[in-house]
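Participant: Structure incoming, see below.
The values are calculated or read from the model by the stated rules, or taken from the named source; none is laboratory data. Predicted, not measured: the structure shown is a model, and the values here were computed from it. Note: ideal-geometry Cβ built from the backbone for every residue, glycine included; neighbour counts use all protein chains shown. Just so you know, the surface numbers come from the protein's heavy atoms only, side chains and all, with ligands and any DNA or RNA stripped out. Shrake-Rupley method; radii C 1.70, N 1.55, O 1.52, S 1.80 Å.
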Amino acid sequence: MTRETSGPSAMETLLSTLDLEPIEVDIFRGRSPKVGWQRVFGGQVIGQALMAAQRTIEGERFVHSLHAYFMRPGDPSVPIVYQAERIRDGSSFNTRRVVAIQHGKAIFALSASFQVEEPGFEHQIAMPEVEMPEALLGEQQIKEEYLAHAPEAIRKYWQRERPIEIRPVSLTHYFSDKKLDPKQDVWVRATGPVPDDRLYQAAVLAYLSDMTLLDTSLYAHGTSIFDQSLQVASLDHSMWFHRPCKLDDWLLYTQDSPSASGARGLTRGCLFTRTGELIASVAQEGLIRKKANE
């Protein structure tokens, strides 16, 4: 079946989802794709809220950090209203706050800071040595070789078309209950072209930054987000944008979880280009608890 007859690609759908509708000064409406999820993917809300903030910034200033809280699950069946507040416009930095609202209640809040580009000190940590994505199983191979006998939740996760392809360096945790070191390396890339536009590039990067993080905090406990006995949800999310990236090739998302306690797991992540340039850092705490009826 050709793309013309099957509708827009997953990446085209994501870009359309990030293209918010302005409905008043600094107020925007966002919609969710119809993919059958019971709640809105957290990365979508981060990306949409960042896009709302970016659209209130004038001149050549770009996001360098964001900090966000998830307060309620998003309802994918109705639009999300994003209200942006212009906290500060300085000579070098701008600060914005965005609240996402559904059914009259706040479901998410984001603060973001923007900076005019300027030269300064430069250093970064080294990218870990891992297998390149071409040496790993692709999604089609994973579907053919592993999914036939995988649990239904894992099959559904891998079988649907997504705007971001995921290629884990190791697949052990998907099919084993062995307790592993709370670390993982995942190659990720856009499955379609991303515009040569810093606003969309930052929003897509924010979208994909929410992928696979919570799973890393479960490695040490011999389980995964597909465990139906667990209640798992993102609580907060922070991200620092170090260097621009066109998102036209694979990125390595290297992650570690330094702590889990109090029904919460913390995961840190770094996003590197194939050539080892660090483009962003991420930290997220998520809810990881056994369901009450278990």
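Participant: May I ask you to list the residues in the range 172-200 that are at pLDDT 95 or above and out of contact with any strand residue (DSSP E or B) (no Cβ under 7 Å at 6 or more places or on another chain)?
Facilitator: GLY192, PRO193, VAL194, PRO195, ASP196, ASP197, LEU199, TYR200
Participant: If you don't mind, there's one more thing I want to ask. Residues being on the phi > 0 side of the Ramachandran plot and open to solvent by 20 Å² or more (accessible area, probe 1.4 Å): count how many of those fall in the range 262-294.
Facilitator: Of the residues in the range 262-294, 2 are on the phi > 0 side of the Ramachandran plot and open to solvent by 20 Å² or more (accessible area, probe 1.4 Å).
Participant: For the condition of a type in the set (Phe, Trp, Tyr) and closer than 22 Å to ALA10 by Cβ, what is the one hit in TRP250, TRP240?
Facilitator: Result of the check over TRP250, TRP240: TRP250.
Participant: Right, here's the next one. Check every one of the helices (runs of 4 or more DSSP H) wholly within the range 1-81 and list those with 3 or more residues that are in contact with a Gly (Cβ under 8 Å, 6 or more places away or on another chain) and farther than 22 Å from GLN284 by Cα.
Facilitator: 10-18
Participant: Using beta carbons and a limit of 6 Å, which pairs, at least six apart or on different chains, have the first residue in the range 112-132 and within 30 Å of ARG167 (Cα to Cα) and at pLDDT 95 or above and the second one open to solvent by less than 100 Å² (accessible area, probe 1.4 Å) and charged (D, E, K, R)?
Facilitator: Pairs that qualify, where the first residue is within 30 Å of ARG167 (Cα to Cα) and at pLDDT 95 or above and the partner is open to solvent by less than 100 Å² (accessible area, probe 1.4 Å) and charged (D, E, K, R), are ALA112/ARG96; VAL130/ASP185.
Participant: I'm trying to understand the selection: among the residues of the range 208-220, which are touching a residue at least 60 places away in the same chain (Cβ under 8 Å), in a helix (DSSP H, G or I) and open to solvent by 20 Å² or more (accessible area, probe 1.4 Å)?
Facilitator: LEU214
Participant: Another question, then. Would you please name the residue that is nearest to LEU50 (Cα to Cα), looking only at residues in the range 245-274 that are in contact with a Lys or Arg (Cβ under 6 Å, 6 or more places away or on another chain) and of a type outside the set (Phe, Trp, Tyr)?
Facilitator: For the range 245-274, the residue satisfying everything is ASP249.
Participant: Same structure, new question: Between GLY120, GLY30, GLY42, GLY59, which is of a type in the set (Gly, Ala, Ser) and touching a helix residue (DSSP H, G or I) at 6+ places or on another chain (Cβ under 6 Å)?
Facilitator: Result: GLY30 is the single residue among GLY120, GLY30, GLY42, GLY59 that is of a type in the set (Gly, Ala, Ser) and touching a helix residue (DSSP H, G or I) at 6+ places or on another chain (Cβ under 6 Å).
Participant: A follow-up question, please. Quick check: anything in the range 82-97 open to solvent by 30 Å² or more (accessible area, probe 1.4 Å), assigned to a loop (DSSP other than H, G, I, E, B) and among the acidic types (Asp, Glu)?
Facilitator: No, because not a single residue in the range 82-97 is open to solvent by 30 Å² or more (accessible area, probe 1.4 Å), assigned to a loop (DSSP other than H, G, I, E, B) and among the acidic types (Asp, Glu).
Participant: Take the range 221-255 and flag every residue that is open to solvent by less than 20 Å² (accessible area, probe 1.4 Å) and in a strand (DSSP E or B).
Facilitator: Across the range 221-255, the qualifying residues are HIS237, MET239, LEU251, LEU252, TYR253, GLN255.
Participant: Sticking with this structure for a sec: Tell me, which residue of the range 168-189 that is open to solvent by 20 Å² or more (accessible area, probe 1.4 Å) and among the aliphatic types (A, V, I, L, M) is farthest from the chain's Cα centre (by Cα)?
Facilitator: Per the criteria, the residue is LEU180.
Participant: Scan (1) more than 28 Å from PRO8 (Cα to Cα); (2) surrounded by fewer than 19 Cβ atoms within 10 Å (Cβ to Cβ); (3) of a type in the set (Gly, Ala, Ser) for the single condition GLY192 breaks and write down its number.
Facilitator: (1)
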